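Step one of this worksheet: look at the structure below.
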């Protein structure tokens, strides 16, 4: 019996000996400085670590001299080290070991510097595209993203969220512009648009076009930007008798249902101006 107790105590002690260091293993660390291109430290830069791009595992702000330090646990590789500072172009470092300490001294360019050479411009556009995808997955709207990076987007002369929506809609309209040279597609004037939340998942939209006495088929081109749904009021002028007969009864009115999701605002674009409707949750 005594022998059995001694053996049991030995294995318990052995287990504690090999397991305890693992549980108390010290965290690893990324340290360094955020600098301008003259090696001056940049204060208050936001530094973030990601595993899997969308999993934020650590963040901090740089000190007055640009120094920063972030701890992380041993594991898979660090997918992204992200650097942001108002008035400066964002920066990134990708794919570093998740099982080693690191020293990274990252240089950022002023917002208006990155457009000076094609390689820097291409890298910055790639960085903005990556950060946009990450922030969208974490619930940050495109409008909020554009506001944060407004100076960079302006320096690069990139389209805003609203302009991207217009560009998309323009492509849709161009694809529908002519059918048999008899049906023209244009942006219509509308009046008294109605937008109702049928339930937490469905929006119902009714549009009435302001047209002449001709017969028109009316519908919408949707573009979703974050929590805002943009709708373009579009019409086809019907010239052939069979089409006029088919659409005559409701030719100037469009009804449509849309999946609401997280939408809390609808903007309806028309030739006569834009209509904005806020939609509180039920």
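Read-outs: derived from the displayed coordinates by stated rules, not from any lab. Note that the structure is predicted; figures quoted are calculated from it, not measured.
Antiparallel versus total DSSP beta bridges in segment 28-112: what percent is that, nearest 5?
85
Using only alpha carbon pairs under 8 Å that are at least six residues apart, calculate the relative contact order of segment 28-112 and give it in whole percent.
This gives 36 percent for segment 28-112.
Between residue 63 and residue 150, what length comes free when the chain is fully extended (0.36 nm per residue of separation minus the Cα-Cα distance, one decimal in nm)?
Length difference between fully extended and current span is 28.9 nm.
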